[in-house]
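See below for the structure under consideration.
Derivation of every value follows stated rules applied to the coordinates shown; laboratory data play no part. The structure displayed is predicted, hence computed values, not measured ones. Every residue, glycine among them, receives a Cβ derived from its backbone with ideal geometry; neighbour counts consider all protein chains shown.
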Amino acid sequence: MPAQTATPAPAARGGRVSRLSQLTVPSMPQSVASTAAKSSFSQAPSTALVPPPPLAVKKDPKLANNWKTKSPAELTDAEVIAMPDTEYMNEKQMAFFRLKLEELKRGILENAGETTEHLREDTVVVPDPADRATIEEEHALELRTRDRERKLLKKIEQSIQRIDGGDYGYCDETGEPIGVGRLLARPTATLSLEAQQRRELKQKMFGD
């Protein structure tokens, strides 16, 4: 069977050719001879240093030009995905993602305020040890959640700064486009999916 090639990604900044456009995915075997072979095949650790490319995001051609007549606040995710690759991270896309990040930031700040209120309300001494332990565990869980959100808030601020600097939407390691689909799922992403998977693989192999 002929090798399948990945769908070309938008061109990287500075004229660099996207690594995804050069990546070839080998075909998987259609069958395995025996149950033992299947077991060994599934348990064998992967030694590939380059992960498979992400699936191409489906675009609705009917929505391709909607961005021209709508403001960033009026655009939907589907309309942003449908925008031509040549318009990647134009002013309207940048403004669209800024609104996404600011909305995410507001939600985190509201949650932080609610946490403060909850902790203030639960300061009453509870005589029953079991009830007190339950309340303390709930407080610990809520504080851990807020700590994760605090770290996310920092990433949001950094992403907004990247928009201001014109670097948003491009991989820190390769300079290639991160992709609209990935940014919609994770607006604070600073690495392309390929670079992120490669970093996670290295962390798993070397523990860094």
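Spin-label model, Ser71 to Asn90: label points 7 Å out along the Cα-to-beta-carbon direction sit 1.9 nm apart. Given the pairs Lys92/Lys202; Lys68/Lys154; Lys155/Lys202; Lys100/Lys202; Lys70/Lys151, which span a C-alpha to C-alpha distance of over 25 angstrom in this model? Too far apart for the 25 Å limit: Lys92/Lys202; Lys68/Lys154; Lys100/Lys202; Lys70/Lys151. Under a 5 Å amide H cut-off, with hydrogens placed 1.01 Å from N, Tyr170 pairs with Ile178 among residues at least 5 apart or on other chains. Distance between the modelled labels on Thr145 and Glu102, one decimal in nanometres: 2.7 nm (7 Å Cα→Cβ projection). Spacing of the modelled spin labels on Glu200 and Gln161, each 7 Å from Cα toward Cβ, amounts to 2.6 nm. Between the beta carbons of Lys58 and Ala130, assuming R0 = 35 Å, the FRET efficiency works out to 0.10 to the nearest 0.05.
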